[in-house]
Amino acid sequence: MTGTFPRGLAAGAAGATALNVVTYLDMALRGRPASTVPEQVVDALAERTGRSVPGLGAVRESRRTALGALAGLANGLGVGVLASTVRSFGVRFPAPVGAVLTGAVSTAATDLPVAALGISDPRTWTAADWAADVVPHLAYGMAVQAVLEAAPTDRERRTPRQPADAGVVLRAALLGLATGSRSSLGFAGPILTAPRGTGPGRATRGAKLATGAALSAEFLADKRRDAPSRLRGAGLPTRVLGGAEGGARLATRAGANGALPATVGAAAAAASSVAGAAWRRWAVGRMPAATAALIEDGAALALAALACLPGRSRPALVVVPR
């Protein structure tokens, strides 16, 4: 029996091992020193939290090295569990694509904090710097993908997925467009329109109520004058991830592989986010801001309805003789 979480840990451990092997081979071939970035991350985080790594001299250096290595292992294990969860959820990419995407996520999980903490600016890196960063993470992705495919979970064995048809992909695109306007529609649309119950493609009454509350809160927050741009900070990534989730949920409802619908949903959400921001800029001075927001609300809800109302699974009718 294989569970999602233990498989993810095993995949992450295999990936971290592959990453270390490639990194040390590069050091041996080029004679380059080990990177000090992990230790710098430890120092930066300690400074941000108002703490310091205890000890003096060699004792402190040993702790910095150990904490940096542990952070790297946590990254590797965490991305492995994430990849395992996504695959169990029904998003099953072909091996080469899955390896590249997993490696890219691992790279982002490493490089984005480095940039955010001001330790290094990836935009200034040379080709050799990028190669030393990307190639080990690609090896990580390949190892993770190999474990995921070699050890399907019990749920994956019970629920094989067929390729998504054109209808599912189209509805994923529509839901992605809606999510670019209102990020919570990515999960709210499929949940609110799902038949009540438990299991794939269904939702409990509590889940529907909580989802409705979250959706209402976003619609209200969007009307505030100080609402931030959807293209700044976490606004755009949240919508892109929401579009991917929406596509995957629609695919699960149809019993299809969510890889293509999730990808299409994410791309549509990104495009819709840019278009929605352009619409709000165009509307300035031409109509009240609240009117522009309400028009966008209506368009987003209509797109979500077109995406989520068709194809809802319904329990089969059973005739019970008296």
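A few points about this structure:
- Odd one out for Gly206 among (1) without any contact (Cβ under 8 Å) to a residue 12 or more places away in the chain; (2) in contact with a helix residue (DSSP H, G or I) (Cβ under 8 Å, 6 or more places away or on another chain); (3) of a type outside the set (Ser, Thr, Tyr): (2)
- Candidates Val284, Val274, Val240: the one that is under 18 Å from Leu101 (Cβ atoms), β-branched (Val, Ile, Thr) and assigned by TED's automatic domain parsing to the domain that holds Leu192 is Val240.
- Restricted to helices (runs of 4 or more DSSP H) entirely inside the stretch 79-186, those with at least 3 residues that are assigned by TED's automatic domain parsing to the domain that holds Glu218 and under 25 Å from Ala271 (Cα atoms) are 166-181.
- Among (1) touching a Ser or Thr at 6+ places or on another chain (Cβ under 7 Å); (2) at pLDDT 90 or above - the single one Glu156 does not satisfy: (2)
- Residues in the stretch 283-296 that are surrounded by 17 or more Cβ atoms within 10 Å (Cβ to Cβ) and either free of Cβ contacts under 8 Å to residues at least 60 places away in the same chain or among the charged types (D, E, K, R) (or both): Ala292, Glu296.
- The set of residues in the stretch 88-126 being in contact (Cβ under 8 Å) with a residue 60 or more places away in the chain and in contact with a Phe, Trp or Tyr (Cβ under 8 Å, 6 or more places away or on another chain) consists of Thr102, Ser106.
- Residue satisfying condition, being surrounded by fewer than 16 Cβ atoms within 10 Å (Cβ to Cβ) and closer than 16 Å to Leu303 by Cβ, within set Gly180, Gly167, Gly186, Gly199: Gly167
- A search for C-beta distances below 7 Å between a residue of the stretch 49-70 that is in the same structural domain as Thr36 (by TED's automatic domain parsing) and surrounded by 13 or more Cβ atoms within 10 Å (Cβ to Cβ) and any residue that is part of a helix (DSSP H, G or I) and small (Gly, Ala, Ser), counting only pairs 6+ apart in sequence or on different chains, returns Val53/Ala46.
- Meets criteria (in a helix (DSSP H, G or I) and either farther than 19 Å from Asp121 by Cα or in contact with a Ser or Thr (Cβ under 8 Å, 6 or more places away or on another chain) (or both)) for Val41: no
- Met287, sole failed condition from (1) at pLDDT 90 or above; (2) of a type outside the set (Phe, Trp, Tyr); (3) in contact with a helix residue (DSSP H, G or I) (Cβ under 6 Å, 6 or more places away or on another chain): (3)
Conditions (1) at pLDDT below 95; (2) of a type in the set (Ser, Thr, Tyr); (3) farther than 30 Å from Asn257 by Cα, marked per residue:
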| position | (1), (2), (3) |
| --- | --- |
| Leu29 | yes, no, yes |
| Ser52 | yes, yes, yes |
| Ala58 | yes, no, yes |
| Gly68 | yes, no, yes |
| Ser84 | no, yes, no |
| Gly90 | yes, no, no |
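- A single entry from Ala28, Ala16, Ala11, Ala34 fulfils the requirement of being in a helix (DSSP H, G or I) and exposed (fewer than 14 other Cβ atoms within 10 Å of the Cβ): Ala28.
- Qualifying positions in the stretch 222-234 - within 15 Å of Arg280 (Cα to Cα) and without any contact (Cβ under 8 Å) to a residue 60 or more places away in the chain: Arg224, Asp226, Ala227, Pro228, Ser229, Arg230, Leu231, Arg232
- Scanning the stretch 252-266 for residues that are farther than 18 Å from Ser184 by Cα and small (Gly, Ala, Ser) turns up Ala254, Gly255, Ala256, Gly258, Ala259.
The values are calculated or read from the model by the stated rules, or taken from the named source; none is laboratory data. What you see is a predicted model; the values in this text were computed from it and never measured. Every residue, glycine as well, gets a Cβ built from its backbone with ideal geometry; the counts of neighbours run over all protein chains shown.
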